[in-house]
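The values are calculated or read from the model by the stated rules, or taken from the named source; none is laboratory data. Predicted model only: the values in this text are computed from it and were never measured. Ideal geometry is used to build each Cβ from the backbone, glycine not excepted, and the neighbour counts take in all protein chains shown. The area values use the complete protein model at the heavy-atom level, side chains included, leaving out ligands, DNA and RNA. Shrake-Rupley method; radii C 1.70, N 1.55, O 1.52, S 1.80 Å.
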Amino acid sequence: ELEHTDKLGNSIAEIAAEKAGILKPGIPCLLGHLVPEAEQVIRARALQVGAPLLKIGRDFAPVDPGDLTVLGDHQLDNAGLALAAVGLLGEPDPERFRAAARSGLAQTRLPGRLEVLCEDPWIIVDGAHTGASARALARVLASRRYDRGTLLLSISQGKDLDAILEPLLPLADTVVVTCAEPVRSLSA
């Protein structure tokens, strides 16, 4: 999505082109779920440089929800991408790799990423800082039949405030705004 536009470009296509600059001949590119505009740019770059393109859901799978302790489909996709990347390194014993991966995923903790601090009352900490990450947080909350509650919020300067608030505000009875970091945060 549109983030770090001061360094990467002002459109999805420009950002995708900047990120696709890392592609090298013969080195596989693992492709997650992207908006069509970004995927088209990356596919074209992969074809241009001769980088094999492997796509989640077609060439490899996201991680099974039973194998991972974190919340959110996007985290299952991220773990699937990571496992596919490690798998490309050529583990000589695939069964050993799968067992180690399952064990590692079962112990995975991502502080500040849909991190459940308490279940009664339910307290979640998340570093959602883009529209897409706020929508992912909202999807998880909705899937958990979350009762509307209090949203404690601090947002850094330069972030798309409307895109972050739009999916989250309908889930809150109360919103408390604060300034978590005195230099980078927007004022409360």
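Based on this model, can you work out whether ARG58 counts as part of a helix (DSSP H, G or I), open to solvent by 50 Å² or more (accessible area, probe 1.4 Å) and over 23 Å from VAL125 (Cα atoms)? Against the criterion (part of a helix (DSSP H, G or I), open to solvent by 50 Å² or more (accessible area, probe 1.4 Å) and over 23 Å from VAL125 (Cα atoms)), ARG58 does not qualify.
Suppose the filter is in contact with a His (Cβ under 6 Å, 6 or more places away or on another chain) and not hydroxyl-bearing (Ser, Thr, Tyr); does ALA136 pass it?
Here the answer is yes, as ALA136 does meet what is asked.
Are any of the residues in region 87-105 modelled with pLDDT of 90 or more, touching a helix residue (DSSP H, G or I) at 6+ places or on another chain (Cβ under 9 Å) and aliphatic (A, V, I, L, M)? For region 87-105, residues modelled with pLDDT of 90 or more, touching a helix residue (DSSP H, G or I) at 6+ places or on another chain (Cβ under 9 Å) and aliphatic (A, V, I, L, M): absent.
Filter region 26-47 down to the residues that are under 24 Å from GLY131 (Cα atoms) and in a helix (DSSP H, G or I), then identify the one that is most open to solvent (accessible area, probe 1.4 Å).
Among those that are under 24 Å from GLY131 (Cα atoms) and in a helix (DSSP H, G or I), it is GLN40.
Taken over region 92-139, the criterion of being part of a helix (DSSP H, G or I), over 18 Å from LEU171 (Cβ atoms) and open to solvent by 100 Å² or more (accessible area, probe 1.4 Å) is satisfied by GLU95, ARG96, ARG98, ARG102. It is to be established whether one or more residues within region 143-162 are under 22 Å from VAL63 (Cβ atoms) and open to solvent by 60 Å² or more (accessible area, probe 1.4 Å). Yes, because at least one residue in region 143-162 is under 22 Å from VAL63 (Cβ atoms) and open to solvent by 60 Å² or more (accessible area, probe 1.4 Å).
Could you grab me the full set of residues in region 65-89 that are assigned to a loop (DSSP other than H, G, I, E, B) and open to solvent by 50 Å² or more (accessible area, probe 1.4 Å)?
From region 65-89, those assigned to a loop (DSSP other than H, G, I, E, B) are 68-72, 88-89; that's our starting set.
Listed by number, the residues that qualify are THR69, LEU88, LEU89.
Within region 168-188, the set of residues being without any contact (Cβ under 8 Å) to a residue 40 or more places away in the chain and either charged (D, E, K, R) or in a helix (DSSP H, G or I) (or both) comprises LEU169, PRO170, LEU171, ASP173, GLU181, ARG184.
Let me spell it out: the conditions are (1) small (Gly, Ala, Ser); (2) more than 25 Å from PRO25 (Cα to Cα); (3) surrounded by fewer than 13 Cβ atoms within 10 Å (Cβ to Cβ), and GLY50 meets all of them except one. Which number is the exception? Unmet for GLY50, out of (1) small (Gly, Ala, Ser); (2) more than 25 Å from PRO25 (Cα to Cα); (3) surrounded by fewer than 13 Cβ atoms within 10 Å (Cβ to Cβ): (2).
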